[in-house]
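So the structure is just underneath, and the comments pick up after that.
Here, each number is a calculation from the coordinates, and none is a lab measurement. A quick note: this is a predicted structure, and the numbers were derived from the prediction, not measured. All Cβ positions, glycine included, derive from the backbone under ideal geometry; neighbour counts span all protein chains shown.
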Amino acid sequence: MFREIREEDRAIYYDFVDKFYHTDAVNAPVPTKNYEVTFNEMMRSDQYVKGYIFEMDGSPCGFALLSKTFSQEAGGLSVTIEEIYIEPEFRGKGLGTSFFEFLKREIPAMRFRIEVEDDNDGAKRLYERMGFELLPYLQMVIDKQRQG
């Protein structure tokens with residue numbers, strides 16, 4: 001159902017990422033050069049970022065992108081599910097649920113995090129079913145890419 005992204009998945013990954021960044025699940029698209037930077041980092045090492053291709057009946061149908069940090073607060077590895085995208089015709093078939101179960105079983109993290117747009121009720125319901133809780137604080141960011 002899911003497998004680690006490989007070099008031969010570059011075009012599939014770019015297509016899925018582009019679709020993801022043109023959905024209501026995100027605030028705004030990112031520069032397409034970021035797709036290449038991220039893919040190249042995944043091919044270099046899984047130290048910071050790891051990607052998965054979702055497949056159903058042998059056909060690619062989505063992807064997930066994870067990033068890793070160390071959290072003193074959590075007492076170890078913290079994994080953020082940066083992006084998860086499933087093609088519309090494959091949604092509702094248990095892929096998301098299976099992927100989260102896979103992560104909890106296979107990734108030795110002390111904490112998993114995921115962002116969700118406030119109005120994405122379907123995603124919030126899935127994430128809550130999988131054990132995610134709302135954080136009671138805001139995050140702030142300095143994003144050099146968006147600064148002048």
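If you scan region 85-95, which residues turn out to be surrounded by 12 or more Cβ atoms within 10 Å (Cβ to Cβ) and in a helix (DSSP H, G or I)?
If the condition is that a residue be surrounded by 12 or more Cβ atoms within 10 Å (Cβ to Cβ) and in a helix (DSSP H, G or I), then F90, L95 are the ones that fit.
Just name the residue that is nearest to T23 (Cα to Cα) out of those in region 96-108 that are surrounded by 14 or more Cβ atoms within 10 Å (Cβ to Cβ) and without any contact (Cβ under 8 Å) to a residue 40 or more places away in the chain.
Once the filter is applied, the top-ranked residue is G96.
Keeping to region 74-84, report how many residues are in contact with a Lys or Arg (Cβ under 6 Å, 6 or more places away or on another chain) and surrounded by 18 or more Cβ atoms within 10 Å (Cβ to Cβ).
Residues in region 74-84 being in contact with a Lys or Arg (Cβ under 6 Å, 6 or more places away or on another chain) and surrounded by 18 or more Cβ atoms within 10 Å (Cβ to Cβ): 2 in total.
Could you check region 47-66 and list, in sequence order, the residues that are of a type in the set (D, E) and part of a strand (DSSP E or B)? Write out each step before concluding.
Looking only at region 47-66, we keep the residues that are of a type in the set (D, E), and these are 55, 57.
Correct list: E55 only.
Please work out which residue is nearest to F132 (Cα to Cα), limiting yourself to region 63-86 and to residues that are of a type in the set (D, E, K, R) and in contact with a Phe, Trp or Tyr (Cβ under 8 Å, 6 or more places away or on another chain). Full working, then the answer.
First, the residues of region 63-86 that are of a type in the set (D, E, K, R): 68, 73, 82-83.
Still in the running and in contact with a Phe, Trp or Tyr (Cβ under 8 Å, 6 or more places away or on another chain): 68, 83.
Details: K68: 17, E83: 15 Å.
Per the criteria, the residue is E83.
Does region 84-92 include one or more residues that are closer than 22 Å to R6 by Cβ and touching a helix residue (DSSP H, G or I) at 6+ places or on another chain (Cβ under 6 Å)?
The answer is yes; a qualifying residue exists.
Residues being assigned to a helix (DSSP H, G or I) and hydrophobic (A, V, I, L, M, F, W, C): count how many of those fall in region 96-148.
6
Right, P31: surrounded by fewer than 19 Cβ atoms within 10 Å (Cβ to Cβ) and either of a type in the set (G, A, S) or closer than 19 Å to G96 by Cα (or both) or not?
no
All but one of (1) surrounded by 17 or more Cβ atoms within 10 Å (Cβ to Cβ); (2) touching a residue at least 12 places away in the same chain (Cβ under 8 Å); (3) touching an Asp or Glu at 6+ places or on another chain (Cβ under 9 Å) hold for Y21, so report the exception by its number.
(2)
Of all residues being of a type in the set (D, E) and in a loop (DSSP other than H, G, I, E, B) in region 1-46, which is nearest to K68 (Cα to Cα)? Just the residue, please.
D46
Kindly check whether there is at least one residue in region 63-73 that is of a type in the set (S, T, N, Q), surrounded by 17 or more Cβ atoms within 10 Å (Cβ to Cβ) and in contact with a strand residue (DSSP E or B) (Cβ under 7 Å, 6 or more places away or on another chain). Give the derivation first.
The first filter runs over region 63-73 and keeps only residues of a type in the set (S, T, N, Q), leaving 67, 69, 71-72.
With surrounded by 17 or more Cβ atoms within 10 Å (Cβ to Cβ) added as a condition, the list becomes none.
Within region 63-73, none of the residues are of a type in the set (S, T, N, Q), surrounded by 17 or more Cβ atoms within 10 Å (Cβ to Cβ) and in contact with a strand residue (DSSP E or B) (Cβ under 7 Å, 6 or more places away or on another chain).
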